[in-house]
Amino acid sequence: MELGVYEVVKWFELANEKIQQNKEYLTSLDQPIGDGDHGINMARGYQEAVNKLQANEYKEPSAVLKDASMALLSKIGGASGPLYGTAFLKMSMAVKGKKDLAIGDLAEGLEAAVEGLKQRGKSEVGEKTLIDVWEPVANYFSRDNFEPKGISEIARTAMEMTKETVATKGRAAYFKEKSIGHIDPGSASSYYIFQALADVIKEKE
Ligand code: ADP
Ligand code: MG
C-alpha cells in the first residue's frame, strides 16, 4: 500500500466533504467551550485547500501537503489555522523527495506533524486539544499490529476521551472545570481528517 499524489489529494477532498457535512456540528461543539466558529473556520480552510490542490499538478505528495498547509494556514484562521498549517507543513518536510508514501512514511510524517503541533501550541497530550487525537493516531501507524481499519476507531476513542478532560490550552481553558463534558472541537475535526485518511488507505489496499 502506497499513497501517491492522487491519493493525497483525495485525502483532502474526502476530509473536506466530511467537514462540510459536519460544519454545523463542529461549530456547535465550539459554542459551549469556545466562540462557535470552528466549523466555519474549518469549512472555509478545507474548501480553499481543495480548490488549490485541484487547480495544480504535483510531482510528489510533499508538494501537495505543502500547498494544503499554506491554504489552511491562511484561510482557517483562529487558533486552529496555524496549528493545522504547521502539522501539514511538518508532514510535507518529513516526506520530501518520496514519490509514494508507505505506512512507515506516513508514520514518520504524522510523528513530525505531532512535534510541530506541540511546539506551535506549546501543548502536550491531555490538554483537551487536537493533539489528543493526532498523537495516538501517529503512534498507531508505527505499531506492529497496524491495520487501516483500526485508524478510525483509534481517532474516535481519542476524540471521545477529550470529553472527560479539563482544557488547559486555547479558549476552552477559560472554562476550566466547566470544559468537562464537552468534546474538544479540534479533536472532532481531526477525527474527520483521519477517517478520510483511513478511507483513502483502505481503497488502495
Ligand atoms: P479559536 O479557538 O481561535 O476560535 P478554532 O475554534 O478554529 O480557533 O479552533 C479551536 C481548536 O484549536 C480547539 O478545539 C483545540 O483543539 C485547538 N487549539 C487551540 N489552542 C491550542 C493549543 N495551544 N494547542 C493545541 N491545540 C489548540
Ligand atoms: Mg473557535
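The values are calculated or read from the model by the stated rules, or taken from the named source; none is laboratory data. Keep in mind that what you see is a predicted model, and the values were worked out from it rather than measured. As a convention, Cβ positions derive from the backbone with ideal geometry for all residues, glycine included, and neighbour counts pool all protein chains shown. Side chains are part of the model used for accessible areas, which takes the heavy atoms of the whole protein and leaves out ligands, DNA and RNA. Shrake-Rupley method; radii C 1.70, N 1.55, O 1.52, S 1.80 Å.
Top to bottom by accessible area (1.4 Å), largest first, where do Met159, Met70 land?
Of Met159, Met70, the descending order of accessible area is Met70, Met159.
Shape call for the range 36-126 from the C-alpha gyration tensor, a ≥ b ≥ c root eigenvalues: rounded (a/c under 1.5), prolate (a/b greater than b/c) or oblate?
Oblate is the answer for the range 36-126, as a/c is 1.5 or above yet b/c matches or exceeds a/b.
Of His182, His38, which has the most accessible area and how do the rest follow, probe 1.4 Å?
His182, His38
Expressed as an acute angle from 0 to 90° and rounded to the nearest 10, what is the orientation of the C-alpha long axis of helix 5-21 relative to the principal long axis of the chain?
30
Distance in nm between label sites at Ser142 and Glu205, each 7 Å beyond Cα in the beta-carbon direction?
About 2.3 nm separates the two model spin labels.
Any idea of Leu53's accessible area? Nearest 10 Å², probe 1.4 Å.
That residue has around 10 Å² of solvent-accessible surface.
Provide the per-residue ³J(HN,Hα) series for the range 43-54, in order, calculated from phi with Karplus coefficients 6.51, -1.76, 1.60 and θ = phi - 60°, each as a whole number of Hz, with x at glycine and proline positions.
Here the 3J(HN,Hα) series is 5, 5, x, 5, 5, 5, 4, 5, 4, 5, 5, 6 Hz.
Starting from the Cα-Cα distance between Tyr6 and Ala102, subtract it from 0.36 nm times their residue separation and give me the gain in nm to one decimal.
Gain in length upon complete extension: 33.2 nm.
To the nearest 20 debye, what charge dipole does the chain have about its Cα centre, counting +1 at the Cβ of each Lys and Arg and -1 at the Cβ of each Asp and Glu?
Charge dipole of the chain: 540 debye, to the nearest 20.
Can you list the HN-Hα couplings for the range 135-143, worked out from phi with the Karplus curve (6.51, -1.76, 1.60; θ = phi - 60°), rounded to whole Hz and with x for Gly and Pro?
Values per residue, Gly and Pro as x: 5, x, 5, 4, 5, 4, 4, 8, 6 Hz.
Please work out the Cα center distance from the range 13-48 to the range 74-134, rounded to the nearest Å.
Taking the Cα centre of each part, the range 13-48 and the range 74-134 sit 18 Å apart.
How compact is the range 27-73 by the rule of thumb for globular proteins, expressed as Cα Rg over 2.2 N^0.38 Å?
Dividing the Cα radius of gyration by 2.2 N^0.38 Å gives 1.43.
If I ignore ligands, DNA and RNA and count only protein heavy atoms, how much of Glu115 is accessible to a 1.4 Å probe, in Å² to the nearest 10?
Only protein atoms counted, so the area is about 100 Å².
Highest first, please rank the peptides 198-205, 106-113, 138-145 by the mean number of other Cβ atoms sitting within 10 Å of their residues. Please list the in-between numbers first.
On the way: 198-205: 16.5, 106-113: 22.4, 138-145: 14.5.
For the peptides 198-205, 106-113, 138-145, the packing ranking is 106-113, 198-205, 138-145.
What whole-number value in Å² describes the accessible area per residue of the chain for a 1.4 Å probe?
For the chain, the solvent-accessible area averages 45 Å² per residue.
Mind giving me the FRET efficiency for Asp35 and Asn56? R0 is 30 Å, r the Cβ-Cβ distance, nearest 0.05 is fine. Let's see the in-between values first.
Numbers: r = 33 Å, r/R0 = 1.10.
Working from the Cβ atoms, E equals 0.35.
Rounded to two decimals, what is Rg over Rh for the range 1-156 when you use alpha-carbon atoms and the Kirkwood radius?
Result for the range 1-156 is an Rg/Rh of 0.95.
Quick query: amide H of Leu3 versus all other amide H atoms, modeled in the peptide plane; which residues come in under 5 Å with a sequence gap of 5 or more or a different chain?
Placed amide hydrogens put Leu101, Ala102 under 5 Å from Leu3.
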